[in-house]
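What follows is a set of notes on a single structure, which appears directly below.
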Amino acid sequence: IILYMFLAVSIVCDDYFLPSLEIISECLGLSQDVAGATFMAAGSSAPELVTAFLGAFVTKGDIGVSTILGSAIYNLLGISAACGLFSSVVSRLSCWPLFRDCLAYTISAAAVLAMISDNRIYWYESASLLLIYGCYVLVLCFDIKINQYLMKKFSPCCTCFTKAVEENAEQQPLVGWREESGPLIRQQSRTDSGIFQDELDYSQLSTSLHGLDEISEDHPNVFTMPEADMKRILWVLSLPIITLLYLTIPDCRRQFWRNWFMVTFLISAAWISAITYVLVWMVTIAGETLGIPESVMGLTLLAAGTSVPDTVASVLVARKGNGDMAMSNIVGSNVFDMLCLGIPWFIKSAFINTSGPIEVNSNGLTYTAISLICSVVFIFLAVHLNGWKIDKRLGTICLVLYLVFTVLSILYELGIIGNNPTRVCGN
C-alpha cells in the first residue's frame with residue numbers, strides 16, 4: 001500500500017497539480033521561483049496543514065509541532081539530495097530566490113522556537129506568525145523590483161549577482177523579439193516563461209506567450225497506453241488511480257477544462273492530502289509492527305512520508321531543468337509549514353480557548369533549533385560553493401549530511417546522547 005500511495009502521489013502531481021500550477025503562473029505572471037514558494041508550496045504542504053489542525057483540535061497534542069519541526073531537516077536536505085541524484089539535468093540556480101527563502105525560513109523558524117520555549121502559545125504570538133508570512137508574501141509581490149535593485153547594488157562585489165546580470169543581458173534580445181511577435185502575458189513577468197518546458201527555444205516561447213488556447217493539438221488522453229514495456233506495466237497497475245482521478249479532477253491540460261485550473265489545483269491538493277494520510281497511516285502501522293520507537297519514526301519514515309508531495313513535485317520540476325522552482329518549493333514549503341502552525345493556534349487561542357494560552361510540549365527544543373539553523377546555513381553555502389547548480393555532487397553531499405543529522409537525532413531521541421525517555425509506536 002505504501003508503494004502504491006507513492007505511485008498515486010506522483011500521478012496526481014505530474015498529471016494535475018503541476019499543470020494547474022503552470023497555468024496559474026502564466027495568468028498571474030509569476031516567475032518559477034515565486035510560483036514554487038507560494039502555490040506549489042501551499043499545495044504540496046496541504047498534508048502538514050491538515051496535520052496541524054488535527055493536532056490542535058482533534059488529538060489536542062503536539063502532533064503538529066513534532067511533525068512539522070521534525071520533517072524540516074528532511075525537507076531541506078533530503079529533498080535537495082533527491083533533486084540532485086534523481087535528475088539527469090543540471091539545473092542552474094539564481095542567488096536571490098534562495099537567499100530570500102532561506103532568510104524567511106530562518107526568521108519564521110526562530111519565531112516558532114521562541115514561542116514554544118515556555119510551553120505556552122498566546123494569541124498574539126500565533127498572530128505574529130501570520131504577520132511574518134504576510135510580509136513574506138508582500139516581498140514576493142515586489143520580487144522582481146527587489147531582485148533588480150539587489151543585482152545592481154551588489155553585482156560589483158558578488159560574483160553570483162554578476163552572473164545573473166550577464167544572463168539577463170544575454171536574454172534582452174529575446175525580450176525584444178517577444179514584444180514584437182506578440183503581447184506579453186504580464187509586463188512584469190520574467191523571461192523564464194513556460195516554466196515546464198524542456199527547452200526554451202523560439203517555438204516553445206511563442207507557444208507559452210500566446211497561451212494554451214491557441215495550441216492546435218489537444219493534450220493526449222490519460223488512458224493512452226505508453227510505448228515502453230516498463231511504463232506499460234506501471235500504467236496497468238495504476239489504472240484504478242488514473243480512472244479515479246480522471247472522474248474527480250478536471251484535466252486543465254485539455255482545452256475544454258483549461259479555465260478550470262483553480263478547481264484542478266484545489267482538488268488535486270485535496271487528493272494529495274488524502275493519499276498522504278493513508279501513506280502516513282501505513283508507515284505508522286509498519287513502525288508499530290517492527291517495534292520502532294515513536295521518536296525515531298517521526299524523524300525518519302513519518303518525516304519522509306508527510307513530505308512525499310514536496311519530494312515528488314520538486315524532483316519532477318528539477319528533472320525539467322527548473323532548479324529555482326524546485327529549491328523555492330523546498331524552502332518555501334517549510335515557510336508555509338510555519339504558517340500551518342500559526343493558523344490553528346490563532347483560531348484556537350483567539351476564538352475558542354480564550355481563557356488562557358495553549359499548552360505545548362517543547363522537549364528537545366535546543367537540539368531542534370540548532371539542527372534547523374545549521375541545515376539552512378549549510379544548504380545555502382553548499383549551493384554557493386557548488387557553483388549555483390543542482391547536480392549529483394550536491395545531491396550526494398546533501399544525502400550524507402542528512403544521514404548524519406538523522407543518526408545524531410536518533411541517538412538523541414533514544415537517550416544515547418542526552419537523557420530522553422523512549423516510547424514505542426502504539427504505547
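Laboratory data are not the source of any read-out in this text; all were calculated from the coordinates shown. Predicted model, so just to flag it, every value in this text is computed and none were measured. Every residue, glycine among them, receives a Cβ derived from its backbone with ideal geometry; neighbour counts consider all protein chains shown.
Which distance in nm do the two modelled labels at Ile416 and Ser355 give, with both placed 7 Å along the Cα-to-Cβ direction?
Reported label-point gap for Ile416 and Ser355 is 4.5 nm.
Counting only Cα atoms, I'd like the Rg/Rh figure for region 267-387, Kirkwood definition for Rh.
Taking Rh as the inverse mean 1/r over Cα pairs, Rg/Rh reads 1.01.
Can you tell me how much longer the chain between Leu266 and Val139 gets when fully stretched, taken as 0.36 nm per residue apart minus their C-alpha distance, in nm with one decimal?
Going from the current span to full extension adds 43.3 nm.
With a 10 Å radius around each residue's Cβ, average the other Cβ atoms per peptide and rank 145-153, 26-34, highest first.
26-34, 145-153
Name the residues whose placed amide hydrogens come within less than 5 Å of the amide hydrogen of Arg120, ignoring near sequence neighbours (fewer than 5 apart) on the same chain.
Val360
Once amide H atoms are built 1.01 Å from N in the peptide plane, which residues 5 or more positions from Lys389, or in another chain, come under 5 Å H to H?
Those qualifying (amide H under 5 Å, at least 5 residues apart or on another chain) are Leu93.
Return an integer: the convex hull volume of the alpha-carbon atoms of region 1-54, in Å³ per residue.
So the per-residue hull volume is 85 Å³.
Output the Cα-based Rg and Dmax of region 68-112 in Å, rounding Rg to one decimal and Dmax to a whole number.
12.6, 38
From the phi angles alone, apply the Karplus equation (6.51, -1.76, 1.60; θ = phi - 60°) to region 73-81 and give each ³J(HN,Hα) in whole Hz, x where the residue is Gly or Pro.
5, 4, 4, 6, 8, x, 6, 4, 5
Quick one: Karplus J couplings for region 227-234, per residue in order, coefficients 6.51, -1.76, 1.60, θ = phi - 60°, nearest Hz, x for Gly and Pro?
After applying 6.51 cos²θ - 1.76 cosθ + 1.60, I find 8, 5, 5, 5, 5, 5, 4, 4 Hz.
Distance check, please: which entries in Lys152/Lys389; Lys145/Lys389; Lys153/Lys392; Lys152/Lys320; Lys145/Lys392 exceed 31 angstrom between their Cα atoms?
Lys153/Lys392; Lys145/Lys392
Given q = 0.11, 0.21, 0.22, 0.24 Å⁻¹, what are the Debye log10 I(q)/I(0) values for region 245-322, with equal point scatterers placed on the Cα positions and solvent ignored?
-0.43, -0.97, -1.01, -1.08
HN-Hα J couplings of region 245-251 from phi, Karplus 6.51/-1.76/1.60, θ = phi - 60°, integer Hz, Gly and Pro as x?
Per-residue couplings from phi come out as 5, 5, 7, 10, 10, x, 7 Hz.
Highest mean first, how do 127-136, 394-403 rank when packing is the count of other Cβ atoms within 10 Å averaged over residues?
Going from most to least packed, we get 394-403, 127-136.
Say each of Val278 and Ile233 gets a label point 7 Å from the Cα, pointing the same way as Cα to Cβ; how far apart are those two points in nm?
2.2
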